[in-house]
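Q: My structure is below; once you've seen it, I'll send some questions.
The values are calculated or read from the model by the stated rules, or taken from the named source; none is laboratory data. For clarity, every value in this text was computed on a predicted model and none was experimentally measured. Cβ atoms come from the backbone with ideal geometry, glycine included; neighbour counts cover every protein chain shown.
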Amino acid sequence: MSIDIRRKNILVSAKKIVIKIGTKVLTTDEGKLDEKKVERLVNNISLLKKKGKEIVIVTSGAIGAGMGKLGIMTRPKDIPQKQALAAIGQSKLMHVYEKYFQKEGICVGQMLLTQDDLTDRKRFLNAGNTLRNLINFNAIPIINENDTIAVEEIKLGDNDNLSAQVVNLVQAELLLILTCTDGLFTADPRKDKNAKLISMVEIIDDKIEKLAGVNIDEISVGGMQTKIQAAKKAVKSGAGVIIANGNKNDTISNIFSYEEEGTFFLPQKNIMKDI
């Protein structure tokens with residue numbers, strides 16, 4: 001089935017792309033960092049980079065990497081414990097990304113941000129300057145929230161809203177949110193066999209936001225609700241948004257081969273300016 005021409009035009013013209021990679025796309029069922037998953041993602045993202053796309057990655061996974069280093073089998077619920085695991089795991093996470101991108105001849109640069117970095121005007125501009133220079137150096141910025149100090153984000157955000165703010169920061173044309181589900185459905189597909197994937201969303205209205213409430217993945221932080229919140233912010237910045245299943249091998253290649261993959265959100269015409 002051919003995709004909507006509006007979607008195809010955005011995919012063709014998008015130069016700057018923010019890719020948000022969720023925790024369950026990077027980890028095993030036990031929550032530990034899965035290097036094979038990272039390698040597969042890096043290989044697919046590298047193909048986009050080599051085609052001239054400017055890529056910014058917003059990644060989760062530091063807590064899972066910390067769990068793996070310490071041999072912890074169950075993800076803790078205690079916030080200070082999660083923060084400590086994130087501190088232990090962040091260097092491991094970056095090492096794994098760097099290892100596989102280096103095999104592709106691609107340099108990466110790490111940035112740790114909090115909400116304060118993006119709401120304070122001076123820090124916002126400094127972050128933007130750093131990102132633009134990393135891109136100019138032909139490197140891929142890899143961004144994570146600074147979970148060691150960001151209490152509210154580690155409880156609620158799971159980097160979804162951060163990815164939307166990064167879209168505005170770098171003026172990206174596309175936000176790709178890779179998660180553990182195929183996209184937004186008409187009902188919870190785990191409970192309703194008649195649930196259908198919504199391939200195109202033109203306007204994020206109350207109906208769409210209510211659907212996100214029944215598409216929550218209870219295991220992941222944030223679930224579909226924060227992804228719809230992020231999509232709502234990104235489309236106001238003038239970017240198209242795709243929510244798709246990052247656990248499928250061919251998701252990224254399918255998207256950029258213009259196949260129906262995930263849920264696409266059209267950008268709004270009245271573009272929101274920088275803060």
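Q: So I57 passes all but one of these: (1) among the hydrophobic types (A, V, I, L, M, F, W, C); (2) buried (at least 18 other Cβ atoms within 10 Å of the Cβ); (3) at pLDDT below 90. Which condition number does it fail?
A: (3)
Q: Ok, one more. Pick from N254, N270, N249, N215: which is at pLDDT 90 or above, in a loop (DSSP other than H, G, I, E, B) and on the phi < 0 side of the Ramachandran plot? It would help to see each step written out before you state the result.
A: Working: N254 fails: in a loop (DSSP other than H, G, I, E, B); N270 fails: at pLDDT 90 or above; N215 fails: at pLDDT 90 or above.
N249 is the lone residue from the list that is at pLDDT 90 or above, in a loop (DSSP other than H, G, I, E, B) and on the phi < 0 side of the Ramachandran plot.
Q: Does V18 fit the bill of being assigned to a helix (DSSP H, G or I) and crowded, with 16+ Cβ neighbours inside 10 Å?
A: no
Q: Another question, if that's okay. Looking at this structure, is S2 within 30 Å of S257 (Cβ to Cβ) and modelled with pLDDT under 90?
A: yes
Q: If we scan region 257-264, do we find a residue that is surrounded by 14 or more Cβ atoms within 10 Å (Cβ to Cβ), at pLDDT 95 or above, in contact with a helix residue (DSSP H, G or I) (Cβ under 6 Å, 6 or more places away or on another chain) and not acidic (D, E)?
A: yes
Q: Check I55 against each of (1) within 17 Å of T251 (Cα to Cα); (2) over 21 Å from the mean Cα position of the chain (by Cα) and name the one condition it does not meet.
A: With (1) within 17 Å of T251 (Cα to Cα); (2) over 21 Å from the mean Cα position of the chain (by Cα) applied to I55, the lone miss is (2).
Q: Name the pairs whose Cβ atoms lie under 7 Å apart, with the first residue in region 61-80 and surrounded by fewer than 14 Cβ atoms within 10 Å (Cβ to Cβ), the second among the β-branched types (V, I, T) and part of a helix (DSSP H, G or I), and 6 or more positions between them or separate chains?
A: Going by the 7 Å Cβ cut-off, the qualifying pairs are L70/I88; I79/V151; I79/I154.
Q: Looking for something in contact with a strand residue (DSSP E or B) (Cβ under 9 Å, 6 or more places away or on another chain) and on the phi < 0 side of the Ramachandran plot - is there at least one such residue anywhere in region 77-85?
A: No, that holds for no residue.
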